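Nothing in this text is a laboratory measurement; each read-out follows from the coordinates by a stated rule. Not measured: the values here are computed from a predicted model. As a convention, Cβ positions derive from the backbone with ideal geometry for all residues, glycine included, and neighbour counts pool all protein chains shown.
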Amino acid sequence: MSEGTDTGVHRDELARHMAITLDINRFRDYCPNGLQVEGREQIKTVVTGVTASLALLEAALDAQADMVLVHHGYFWRGEDPRVIGPRQRRLKLLLTHGINLFAYHLPLDAHPELGNNAQLSRQLGFVPDGRFGEQDLGWIGSAPAATVGELAAHVERVLGRAPVVIGDAAQAVRRVAWCTGAAQGSLEAAIAAGATAYLSGEISEPTVHLAREAGVAYLGCGHHATERYGVQALGEHLAQQFGIRHRFIDIPNPV
């Protein structure tokens, strides 16, 4: 947790800074990036987390947060727009207590320093040297592991959970590609970019067949597990830039 000052910063100043820093207008996304629920104007304490679940919001309220900053927010394309059930309870908590909700999806995945892919590579000791896929969201480079088995063991040590591994443990890892979250659909693009192993958060039925038939290892490392680091980096950036308090709250998620 970063300790800040008691002066705080105006919500709109934070919004402008993050919009520019993350270059949010560059992305075609599935949700609005930026301020999603408006609360009090002055921000002294920000709580970060992966997803704006009710559990995170309740923890943020206990932490006396003025602002919650997440990767997975609300108002996703195609979802039921009615304010009922879980959505009503989440919005009621935010609005009743004047807590702002900011969310950044693809812009936070892609940022070259603060983003999920950049931060995951830092955690795992990957050395990136290229991008691939739609909107250049995928990263590719080298890994500190000679075989798929060594890579899987390394990922388990760092992320605290065993990945689902498709491929031979003895297979050599020459080029590793990665894209956090639900990016199993980018496996084909990773193969075209020259990857011999690909890491993402989720795995689906067709992923297994494509990986096997292409002779490329696939590691499903957990959606939540791979996306814990970008929002923390962004929160620390704001704390240092504006002198506000920052606390990351991890709500456990096995997926």
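Distance in nm between label sites at Arg174 and Glu13, each 7 Å beyond Cα in the beta-carbon direction?
Distance between label points: 5.3 nm.
Quick one: work out the % antiparallel among DSSP beta bridges in segment 116-226, nearest 5. Could the numbers behind the result be given before it?
Values: 12 of 20 bridges.
Approximately 60 percent, going by the DSSP bridge assignments.
Which order do His237, His111, His246 fall in if you start with the one that has the fewest other Cβ atoms within 10 Å?
Values: His237 17, His111 21, His246 24.
In order of increasing Cβ crowding within 10 Å: His237, His111, His246.
With the crude spin-label approximation of a point 7 Å out along Cα→Cβ, what separation in nm comes out for Glu113 versus His154?
2.5 nm
Longest span of the chain, sites excluded, free of GluC sites (Glu not before Pro) in DSSP loop with at most 16 other C-beta atoms within 10 Å?
114-255
So, R0 is 25 Å and r is the distance between the beta-carbons of Cys31 and Arg212; what FRET efficiency does that work out to, to 0.05? Walk me through the numbers on the way to the answer.
On the way: r = 33 Å, r/R0 = 1.34.
Plugging the Cβ-Cβ distance into 1/(1 + (r/R0)^6) gives 0.15.
Please sort by residue number the chymotrypsin sites (Phe, Trp or Tyr not before Pro) in segment 201-250 whose DSSP state is loop and whose Cβ has at most 11 other Cβ atoms within 10 Å. If you can, show how the numbers build up before the last one.
Values: sites: Tyr218, Tyr229, Phe242, Phe248; in loops: none.
Qualifying residues, ordered by number: none.
Let me know the shape class of segment 116-226, please: from the alpha-carbon gyration tensor, a ≥ b ≥ c as square roots of the eigenvalues, rounded when a/c is under 1.5, otherwise prolate if a/b is greater than b/c, or oblate. It would help to have the intermediate numbers written out before the result.
Working: a/c = 1.16, a/b = 1.03, b/c = 1.13.
It is rounded, given that a/c, with a ≥ b ≥ c, falls under 1.5.
Rg to Rh for the chain: what is it, with Cα atoms only and Rh by Kirkwood? Don't skip to the answer; put the middle values down first.
Values: Rg = 18.8 Å, Rh = 18.8 Å.
Checking Rg against Rh, the ratio lands at 1.00.
Expected output is a single nm value to one decimal: the length gained when fully extending between Ala55 and Val83, i.e. 0.36 nm times separation in residues minus the C-alpha distance. What is it? Could the numbers behind the result be given before it?
On the way: separation 28, 0.36 × 28 = 10.08 nm, distance 1.81 nm.
Full extension of this stretch gives 8.3 nm more.
Pop a pseudo-label 7 angstrom from the Cα along the beta-carbon direction at both Phe75 and Ser142 and give the gap in nm to one decimal.
Modelled inter-label distance: 4.5 nm.
Output ³J(HN,Hα) for segment 78-93: one whole-Hz value per residue in order, computed from phi by the Karplus curve 6.51 cos²θ - 1.76 cosθ + 1.60 with θ = phi - 60°, and x for Gly and Pro.
x, 7, 4, x, 5, 8, 9, x, x, 5, 4, 5, 5, 5, 4, 4
Under the definition of Cα pairs under 8 Å and six or more residues apart, what whole-number percent is the relative contact order of segment 78-182?
Numbers: 115 pairs, mean separation 21.2, N = 105.
Computed value for segment 78-182: 20 percent relative contact order.
Could you work out the relative contact order of the chain? I mean the mean sequence separation of Cα pairs under 8 Å and 6+ apart, divided by the number of residues, in percent. Could you put the intermediate results ahead of the total?
On the way: 555 pairs, mean separation 60.6, N = 255.
Relative contact order for the chain comes out at 24 percent.
What do you get for the angle between helix 11-21 and the principal long axis of the chain? Use alpha-carbon atoms, 0 to 90 degrees, nearest ten.
20 degrees
Please check which bits of segment 66-96 a label hung off Gln42 would reach, taking the label as a point 7 Å along Cα-to-C-beta and the cut-off as backbone N under 17 Å.
Under 17 Å, as judged by backbone N against the label point of Gln42, lie 66-67 of segment 66-96.
Below 8 Å, C-alpha to C-alpha, sequence gap of six or more: please give me the relative contact order for segment 1-87 in percent. Write down the numbers at each step before the final one.
Details: 83 pairs, mean separation 25.9, N = 87.
Across segment 1-87, relative contact order equals 30 percent.
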